[in-house]
Amino acid sequence: MSGIVNKEDLVKYGYLKIDIDKDFDVIEGINRLRKEKNAVILAHYYQQGEIQDIADFVGDSLALAQQAVKTSADIILFSGVHFMAETAKILNPSKKVILPDLKAGCSLADSCDPVDFKKFREKYPDHTVISYVNTTAEIKAMTDIICTSSNARQIVESLPENTKIIFAPDRNLGNYISSQTGKNMVIWDGACHVHEEFSLERILELKAKNPDAKIIAHPECEKPILIIADHIGSTSSLLKYTQTDDSKKYIVATESGILHQMKKVSPEKEFIAAPPKDSTCACSDCNFMKLNTLSKIYNALYFELPEIIMEEEIRAKAEKPIRRMLEISDKLGL
Ligand code: 13P
Ligand code: SF4
């Protein structure tokens, strides 16, 4: 995390935890502050349902980046994880971008260390680097084009046929895109702890008990899960599929927060969270995403902290590949 802006060192490294009286109406407080301060609340589909319900905009990582470019708010409160808020800051250097809990990181972004990635990239000097948005600003600064799971295939296909490509950091998404495009890419060996945890065996047991259910999966899942899936896509693609498809039941292999939106838009349908390998943990929850709470959002708006800050040199370098992604997505109507 690049730097800490005070409030007694974000309450001495607990990254700002100030208890709110239980009788206090947090939602009313958030509504008052966002109006007074001209703040917008952007939330990812993996956030707790009550956060999704009060957000000004809920979406997948591509839609949230696009929204961050459009906003006229002075403050962007990003209820998601650090790389998402950082992307919003890279695109809006003059705005204040705040994240309710600075500890909301991402195991996938952490699986790609900038020092190691620099060495890796140097081994393939004639390759174009495509990085997933789930990366730090330092990795983005070493990238030619960013992608998300909503546009990764189109970004790869937008390059001339003979382009050599490094794809980072998610090996499952990289392999999936390679199989879709027929492109042989050099793929960084990273993964997400949530999507790698789904159990093929337990999903198949669930399917046997619910033969009418369709299996839908995020491309960060391992290959065996993708092979049995009826539909593979980003969070917004999975959501759209459940709205347009005529099944009544779905086994959902991605972070459980998306079920809130699925139930909201299709209340007559049934959604079952795909089970993880370890039956004793709630592993289909991203523990980073779930760090954000309504109280932390209130505090963040009140103190305008924790704020995302970064060196201008890194920001400017990281902006180019994000803008390239946004231009390509725009042209393709994504
Ligand atoms: P989306 O791009 O589908 O929103 O996914 C982001 C993410 O963090 C997946 O784990
Ligand atoms: Fe990162 Fe995985 Fe959480 Fe998505 S679900 S934010 S990839 S750790």
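Among the residues of the range 10-26, is there at least one that is outside any loop (DSSP other than H, G, I, E, B), at pLDDT below 95, among the hydrophobic types (A, V, I, L, M, F, W, C) and within 24 Å of I258 (Cβ to Cβ)? The answer is yes, given that some residue of the range 10-26 is outside any loop (DSSP other than H, G, I, E, B), at pLDDT below 95, among the hydrophobic types (A, V, I, L, M, F, W, C) and within 24 Å of I258 (Cβ to Cβ).
Residues being among the basic types (K, R) and touching a residue at least 24 places away in the same chain (Cβ under 8 Å): count how many of those fall in the range 96-134. Let's see the steps before the verdict.
Kept after step one, since they are among the basic types (K, R), are these residues of the range 96-134: 96, 103, 118-119, 121, 123.
Filter once more, so that each one left must be touching a residue at least 24 places away in the same chain (Cβ under 8 Å): 96, 103, 118, 121.
Result for the range 96-134: 4.
Of all the criteria given as (1) open to solvent by less than 10 Å² (accessible area, probe 1.4 Å); (2) small (G, A, S); (3) away from ligand 2 (no atom under 16 Å from the Cβ), the one not satisfied by S72 is (1).
Where in the range 208-278 are there helices (runs of 4 or more DSSP H), lying fully within it, with 2 or more residues that are within 12 Å of ligand 1 (Cβ to nearest atom)?
On the way: elements: 223-228, 235-244, 258-265.
Once the helices (runs of 4 or more DSSP H) in the range 208-278 are filtered for at least 2 residues that are within 12 Å of ligand 1 (Cβ to nearest atom), what remains is 235-244, 258-265.
If you go through the range 305-334 and keep only what is closer than 22 Å to K37 by Cβ and either surrounded by fewer than 18 Cβ atoms within 10 Å (Cβ to Cβ) or under 17 Å from the mean Cα position of the chain (by Cα) (or both), you end up with I308, I309. Within the range 139-150, does at least one residue satisfy the condition of being part of a helix (DSSP H, G or I) and among the β-branched types (V, I, T)? Yes - at least one qualifying residue is present in the range 139-150.
One residue stands out in the range 228-262 among those that are in contact with a Leu (Cβ under 6 Å, 6 or more places away or on another chain) and open to solvent by 20 Å² or more (accessible area, probe 1.4 Å): the one that is farthest from V194 (Cα to Cα), namely Q261.
In the range 68-78, is there at least one residue being part of a helix (DSSP H, G or I), without any contact (Cβ under 8 Å) to a residue 40 or more places away in the chain and in contact with a strand residue (DSSP E or B) (Cβ under 9 Å, 6 or more places away or on another chain)? Yes, some residue in the range 68-78 is part of a helix (DSSP H, G or I), without any contact (Cβ under 8 Å) to a residue 40 or more places away in the chain and in contact with a strand residue (DSSP E or B) (Cβ under 9 Å, 6 or more places away or on another chain).
For the range 155-180, the set of residues classified as open to solvent by 40 Å² or more (accessible area, probe 1.4 Å) and either in a helix (DSSP H, G or I) or free of Cβ contacts under 8 Å to residues at least 24 places away in the same chain (or both) consists of E157, P160, E161, N162, R171, N175, Y176, S179, Q180, listed by residue number. When you scan the range 283-299, how many residues do you find that are within 13 Å of ligand 2 (Cβ to nearest atom) and outside any helix (DSSP H, G or I)? So the answer is 7. Filtered by the rule that a residue be over 16 Å from the mean Cα position of the chain (by Cα) and either modelled with pLDDT of 95 or more or under 15 Å from E50 (Cα atoms) (or both), the range 283-299 gives T293, L294, S295, K296, I297, Y298.
Among residues that are part of a loop (DSSP other than H, G, I, E, B) and hydrophobic (A, V, I, L, M, F, W, C), L102 is included.
The values are calculated or read from the model by the stated rules, or taken from the named source; none is laboratory data. Just so we're clear, the structure is a prediction, and the values are computed from it rather than from any experiment. Quick reminder, even Gly has a Cβ in these numbers, built from the backbone with ideal geometry, and neighbours come from all protein chains shown. Surface accessibility is based on the protein's heavy atoms, side chains included, excluding ligands, DNA and RNA. Shrake-Rupley method; radii C 1.70, N 1.55, O 1.52, S 1.80 Å.
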